[in-house]
Structure formats: structure tokens, C-alpha cells
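Rule-based calculations on the coordinates, nothing more; no lab input. What you see is a predicted model; the values in this text were computed from it and never measured. Glycine gets a Cβ as well: all are built from the backbone with ideal geometry, and neighbour counts include every protein chain shown.
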Amino acid sequence: MRTSPNRLLATVFGAVYLLVGILGFFVTSGIGFFATEGRNLIFFEVNPLHNVIHLAIGAALLFAGLASTTAAKTMNSTVGSVYLLVGIAGLFLPGTALNIIALNGADNVLHLGSAIVLLAVGLSQDRVTSSAATA
């Protein structure tokens, strides 16, 4: 893992998103699962569905980062692509009934920033031959 930027990034982002998902449940007590407005976790608005999504993404990134370079590279690129879409969609969702994960402006900045970092590393680093891909 020390020589793979993808494994390191997936492991660190995975641990952070797991932590955020867990901490989110401490502030969302009494909020509806699909509430369009949540409670703030620092600057970021979350609801229980948003917390579950953070847990799932964190677990997937952490597992991939610990598994192999190929898994980490694939997961970083996949999660980065999804976050890019969520970041763009999030620009239009606040204040609408479609905002079922309670996005706000800070969430959009974080999702777009995460997308840029995950895609940059996922698409550019760890170009290895197929026999060394699982190292």
C-alpha cells in the first residue's frame, strides 16, 4: 500500500467517509430517513439516508484500498465519477422535493472536490502491468 497512491487514497477516504457516516447519526436523531432538509454535521447537511450512503461508500473505498491496487484504482474512479454527478446534480436539488439526501452548498463543494481528487488519482496513477496489478 505504501507504493500505491490509489490504495492509500482509497484507504484514507474510506476511513474518513466511514467516520462521517457514523458521526452523522449522532446529529440526525428525529430526522426523517428521506428528509429534504437535514441537520448540520459541521457545515454539511445530512439525513439518515445520507449517513447510510457515506457508510457504504466509506466501506467500499476502505475494502478496495486494503484489497489491491486494481480494486482501489477501480473504486476511486467509480466513486469519483458518482461524486462528480452528485456534485453537479446537487447544484439544482436544494430546496426541491428531489433532495432526498439533504444536500447543501457545502456538500456540493465537498462532493466536487472529492470527485476531482478521486478521479485524478484513479485515472492517472498506478499504471501497472496485469501481473503486478494485484500487488
Worksheet item: With a sphere of radius 15 Å drawn around the Cβ of F43, what net charge do the other residues whose Cβ falls strictly inside it have (Lys, Arg +1; Asp, Glu -1)?
Response: -2
Response to the item:
Percent relative contact order for the chain, counting Cα pairs under 8 Å at least six residues apart, stands at 31
Practice prompt. Please identify every one of the chymotrypsin sites (Phe, Trp or Tyr not before Pro) in the range 51-135 that sits in a loop by DSSP and has no more than 12 other beta carbons within 10 Å of its own beta carbon.
Written response: F92
Discussion item. Using a Förster radius of 30 Å, what is the FRET efficiency between V12 and I88 based on their Cβ-Cβ separation? Nearest 0.05, please.
Written reply: 0.80
Item to complete: For the range 28-36, take each phi angle, set θ = phi - 60°, evaluate the Karplus expression 6.51 cos²θ - 1.76 cosθ + 1.60, and give the result in whole Hz per residue in order, putting x for glycine and proline.
Response: 9, 4, x, 8, x, 4, 9, 4, 7
Discussion item. What does the extension gain come out to for A59 and A106, with contour length at 0.36 nm per residue minus their alpha carbon separation?
Written reply: 14.7 nm
Fill in: L19 versus A120: modelled label distance in nm, points set 7 Å from Cα along the beta carbon direction
2.1
Discussion item. What's the longest uninterrupted piece of the chain once you rule out the trypsin sites (Lys or Arg not before Pro) that are loop residues per DSSP with at most 11 other Cβ within 10 Å?
Written reply: 3-126
Worksheet entry | Taking the C-alpha atoms of the range 5-124, convex hull volume expressed per residue in Å³ | 79
Practice prompt. Give me the distance in nm between label points sitting 7 Å out from Cα along the Cα-to-Cβ direction at T3 and A97, one decimal.
Written response: 5.6
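The range 1-59: D in µm²/s via Stokes-Einstein (Kirkwood Rh, Cα pairs, 4 °C, 1.567 mPa s)?
108
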Worksheet item: Whole-Hz Karplus ³J(HN,Hα) for the range 46-63, in order, using 6.51 cos²θ - 1.76 cosθ + 1.60 and θ = phi - 60°, x for Gly and Pro?
Response: 9, 10, x, 5, 4, 5, 4, 4, 4, 4, 5, 5, x, 5, 5, 5, 4, 4
